Amino acid sequence: DAGVIQSPRHEVTEMGQEVTLRCKPISGHDSLFWYRQTMMRGLELLIYFNNNVPIDDSGMPEDRFSAKMPNASFSTLKIQPSEPRDSAVYFCASSRLAGAPNTGELFFGEGSRLTVL
Amino acid sequence: AQRVTQPEKLLSVFKGAPVELKCNYSYSGSPELFWYVQYSRQRLQLLLRHISRESIKGFTADLNKGETSFHLKKPFAQEEDSAMYYCALSESSYKLIFGSGTRLLVRP
């Protein structure tokens with residue numbers, strides 16, 4: 001298994017543009033997470049899906065951010081319109097929460113580094 | 001509110017020296033704590049969980065409920081231990097709260 005796959009790895013865009021980040025979780029995992037990493041705030045949970053359903057989106061900063069999981073193998077995080085303060089590394093992670101010896105362990109992607117000019 | 005505090009942004013030690021990465025938490029229930037590590041150009045990955053009471057790559061971490069701490073320790077640091085280390089608290093069955101991270105630099 002290639003692990004959690006994220007794209008793009010790097011994105012540079014101008015303020016006001018729409019940004020879409022993509023994630024393919026590990027096959028068989030029932031949970032997917034989007035995290036944002038910044039120097040100031042470290043790793044913050046943005047949203048959590050279980051069985052493709054958003055369970056907790058309390059970490060989504062504002063309405064400019066939205067996330068979808070149309071099926072078990074794909075999720076997107078969209079920022080529209082983007083702002084310079086959105087510059088960060090966005091991580092996707094997946095896990096298998098129910099009945100597995102690794103319950104609680106998150107498997108992270110390599111991250112998408114976003115720079116908004 | 002649940003919080004995880006890692007007071008040191010950077011910890012620099014010489015090879016062979018003992019290392020202790022500090023982690024303090026605030027949590028009203030019975031905590032489940034983890035250490036994650038991110039080596040250069042690699043993914044963030046689980047290093048160890050307190051419930052397993054395991055030693056991974058020579059690292060151990062003991063949960064001290066009285067001091068609300070979960071410090072990561074290794075008696076003799078190696079250069080390959082240089083990485084970013086995150087302490088994390090499981091707030092629920094799914095939600096991990098991460099500390100801000102400590103960069104460990106092991107000098108030759």
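The values are calculated or read from the model by the stated rules, or taken from the named source; none is laboratory data. If you're wondering where the values come from, they're calculated on a predicted model, not measured in any experiment. Don't worry about glycine lacking a Cβ; one is built from the backbone with ideal geometry, like all the others, and counts go over all protein chains shown.
Does region A:28-44 hold any residues that are in a strand (DSSP E or B) and either farther than 10 Å from A:Cys92 by Cα or among the small types (Gly, Ala, Ser) (or both), and which are they? Walk me through it before giving the result.
Step one: list which residues in region A:28-44 are in a strand (DSSP E or B), which gives A:31-38, A:42-44.
Those that are in a strand (DSSP E or B) and either farther than 10 Å from A:Cys92 by Cα or among the small types (Gly, Ala, Ser) (or both): A:Ser31, A:Gln37, A:Thr38, A:Gly42, A:Leu43, A:Glu44.
Scan region B:52-63 residue by residue and report those that are surrounded by fewer than 13 Cβ atoms within 10 Å (Cβ to Cβ) and farther than 13 Å from B:Leu21 by Cα.
Looking only at region B:52-63, we keep the residues that are surrounded by fewer than 13 Cβ atoms within 10 Å (Cβ to Cβ), and these are B:52-55, B:57, B:62.
Result: B:Ser52, B:Arg53, B:Glu54, B:Ser55, B:Lys57.
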Filter pass, B:Leu10 being more than 10 Å from chain A (Cβ to nearest Cβ), modelled with pLDDT of 95 or more and surrounded by 14 or more Cβ atoms within 10 Å (Cβ to Cβ): no
Report, by residue number, each residue of region B:28-55 that is farther than 16 Å from B:Arg103 by Cα, in a loop (DSSP other than H, G, I, E, B) and within 14 Å of the chain's Cα centre (by Cα). B:Arg53, B:Glu54, B:Ser55
Checked against (1) under 11 Å from B:Gln6 (Cβ atoms); (2) more than 11 Å from the chain's Cα centre (by Cα), B:Phe98 satisfies every condition except (2)
Which pairs have Cβ atoms under 8 Å, sit 6 or more apart or on different chains, and link a residue in region A:53-78 that is in a strand (DSSP E or B) to one that is charged (D, E, K, R) and modelled with pLDDT under 95? A:Asp56/B:Lys95; A:Ala67/A:Asp57
Tell me which of these B:Tyr25 doesn't satisfy, since it passes every other one: (1) outside any strand (DSSP E or B); (2) over 15 Å from B:Ser82 (Cβ atoms); (3) in contact (Cβ under 8 Å) with a residue 60 or more places away in the chain. (1)
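Looking only at region B:64-81, filter to residues that are crowded, with 17+ Cβ neighbours inside 10 Å and either in a loop (DSSP other than H, G, I, E, B) or on the phi > 0 side of the Ramachandran plot (or both); which one of those is farthest from the other protein chains (Cβ to nearest Cβ)?
Initial filter on region B:64-81 (crowded, with 17+ Cβ neighbours inside 10 Å): B:69-72, B:74, B:77, B:81.
Of the ones still in play, those that are also either in a loop (DSSP other than H, G, I, E, B) or on the phi > 0 side of the Ramachandran plot (or both) are B:70-71, B:77.
On the way: B:Phe70: 14, B:His71: 18, B:Ala77: 23 Å.
So, considering only residues that are crowded, with 17+ Cβ neighbours inside 10 Å and either in a loop (DSSP other than H, G, I, E, B) or on the phi > 0 side of the Ramachandran plot (or both), the one farthest from the other protein chains (Cβ to nearest Cβ) is B:Ala77.
Kindly indicate which of A:Ile26, A:Ile5, A:Ile79, A:Ile55 is β-branched (Val, Ile, Thr) and under 15 Å from B:Lys95 (Cα atoms).
Numbers: A:Ile26 fails: under 15 Å from B:Lys95 (Cα atoms); A:Ile5 fails: under 15 Å from B:Lys95 (Cα atoms); A:Ile79 fails: under 15 Å from B:Lys95 (Cα atoms).
Result: A:Ile55 is the single residue among A:Ile26, A:Ile5, A:Ile79, A:Ile55 that is β-branched (Val, Ile, Thr) and under 15 Å from B:Lys95 (Cα atoms).
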If you take the residues of region B:91-100 that are surrounded by fewer than 21 Cβ atoms within 10 Å (Cβ to Cβ) and of a type in the set (Gly, Ala, Ser), which of them is farthest from the other protein chains (Cβ to nearest Cβ)? B:Ser92
